[in-house]
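First comes the structure, then the notes that go with it.
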Amino acid sequence: MKMTRKPFQTIVITGIVAWLLLFIFLPNLMIIGTSFLTRNDANLVDMVFTLDNYRRLFDPMYAQVMLHSFNMAVIATVCCLLIGYPFAAFIARMPQKYRPLMLFLLIVPFWTNSLIRIYGLKIFLSTRGYMNEFLLWTGLIDKPFKLMYTSEAVVLGLIYILLPFMVMPLYSSIEKLDKSYLEAARDLGANKCQTFFRIILPLTMPGIIAGCLLVLLPAMGLFYVADLMGGAKNLLIGNVIKSQFLNIRDWPFGAATSIFLTAAMGLLLYVYYRAAKMLNKKGELE
């Protein structure tokens, strides 16, 4: 029997396709094309094909910025995992009636713009901020310590913004964990450590990988976190892209840098796909 499509469905599908073409496909196609052009101070770009923009990515100066950005993103991702895993496990083990409330409290910060939250964190951590005042009041320190405009401050800002992105996929994996596996492990004499590393951790690995990707990928591009928390010495890849487009006005190199970041994201997503496929296949064989 041949299914007929209703007019409303046709309109909705057409609108979605048009939106994707106009606001996602075409802008990305323009960025890709711009990355192969030549810079022009008067007209921003010249229609002259070149690969120099991609060669510049391997310049020691930009390579160092990218390695530093990746290093801070990895540190933020590991910290989010170490904080988020126990928190997600705690929520998953709560009574069913309290879980929606905890998830609601986790999502509430998204109602406030992340830039405003970073400004609030900056005030809290500043030399004369509330944290230093509290530590001075308790007598734990004799003089205010400086945390702002360091790489540690940037990592802390990334954790503050991206932690919910780690908790949500971890909670989904832990909440779906079959409790019969844990009971079987106890019956076979496995202790808590063995149960975690041999059963819980492998079964929740898809959530771990998804959470790490959701944190790692944005962490390299949140330029305003580095601007407000780290100063000029703690740049992310997003800062390079922003400066090339807005300050230096080198659109071709900025486009090439953004394409490089997008390709890196695509590669990591492919790694996640392959890892999830292998884990699912392993689970079916067992």
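We did not get these values from a lab; they are worked out from the coordinates using the rules stated. This one's a predicted model, so the numbers in the text were calculated from it and none came from an experiment. FYI the Cβ positions are ideal-geometry reconstructions off the backbone, even for glycines, and counts take in every protein chain you see.
Per the Kirkwood formula applied to alpha carbons, the range 81-157 shows a radius of gyration over Rh ratio, Rg over Rh, of 1.09. Working note: Debye formula, equal point scatterers on the alpha-carbon atoms of the range 63-203, no solvent; log10 I(q)/I(0) at q = 0.15, 0.16, 0.17 Å⁻¹ is -0.94, -1.00, -1.05.
Here is the list for the range 122-186: chymotrypsin sites (Phe, Trp or Tyr not before Pro) lying in DSSP coil, each with at most 13 other C-beta atoms within 10 angstrom of its C-beta, are Phe145. The separation of the range 27-77 from the range 189-259, counted between C-alpha centres, amounts to 18 Å.
Divided by 2.2 N^0.38 Å, where N counts the residues, the Cα radius of gyration of the range 11-133 comes to 1.67. Structural descriptor for the range 64-236: relative contact order 39 percent, calculated from alpha carbon pairs under 8 angstrom and at least 6 residues apart. Between Glu183 and Thr38, full extension at 0.36 nm per residue minus the direct alpha carbon distance yields a gain of 45.8 nm.
Taking 1.306 mPa s as the viscosity and 10 °C as the temperature, the Stokes-Einstein diffusion coefficient of the range 167-286 based on its alpha-carbon Kirkwood radius rounds to 92 µm²/s.
Gyration tensor analysis over the Cα atoms of the range 148-235 returns equivalent ellipsoid semi-axes of 37, 13, 8 Å (largest first, whole Å).
By the Cα gyration tensor, the range 46-85 has an equivalent ellipsoid whose semi-axes, rounded to whole angstrom, run 34, 11, 5 from largest to smallest. The Stokes-Einstein estimate for the range 1-66, based on a Kirkwood radius over Cα pairs and taken at 37 °C with 0.692 mPa s viscosity, is a diffusion coefficient of 211 µm²/s. The mean of 1/r over all pairs of different alpha-carbon atoms in the chain, once inverted, gives a Kirkwood hydrodynamic radius of 22.5 Å. Secondary-structure-derived ellipticity at 222 nm for the chain, considering helices only, amounts to -22000 deg cm²/dmol, per-run term -39500 (n - 2.57) for DSSP H runs with n ≥ 4.
Think of each Lys and Arg Cβ as +1 and each Asp and Glu Cβ as -1; about the Cα centre, that makes the dipole of the chain roughly 700 debye. Among the DSSP helices (H) of the chain, those spanning at least 30 angstrom by Cα along their long axis with an average Kyte-Doolittle hydropathy of 0.5 or more are 60-92, 151-175, 251-285; this is a geometric and hydropathy rule only. Within the range 1-109, the trypsin sites (Lys or Arg not before Pro) that combine a DSSP coil assignment with at most 13 other C-beta atoms in a 10 angstrom radius are Lys2, Arg5, Arg93, Lys97.
Determine the alpha carbon to alpha carbon distance for each of Lys122/Lys233; Lys122/Lys143; Lys192/Lys277; Lys97/Lys192 and list only those over 24 Å. Going by Cα-Cα distance, Lys192/Lys277; Lys97/Lys192 fall outside the 24 Å limit. I'd like to know which of Thr112, Pro100, Asn71 lies farthest towards the positive end of the charge dipole of the range 24-118, counting +1 on Cβ of Lys and Arg and -1 on Cβ of Asp and Glu. Value computed over the given set: Pro100.
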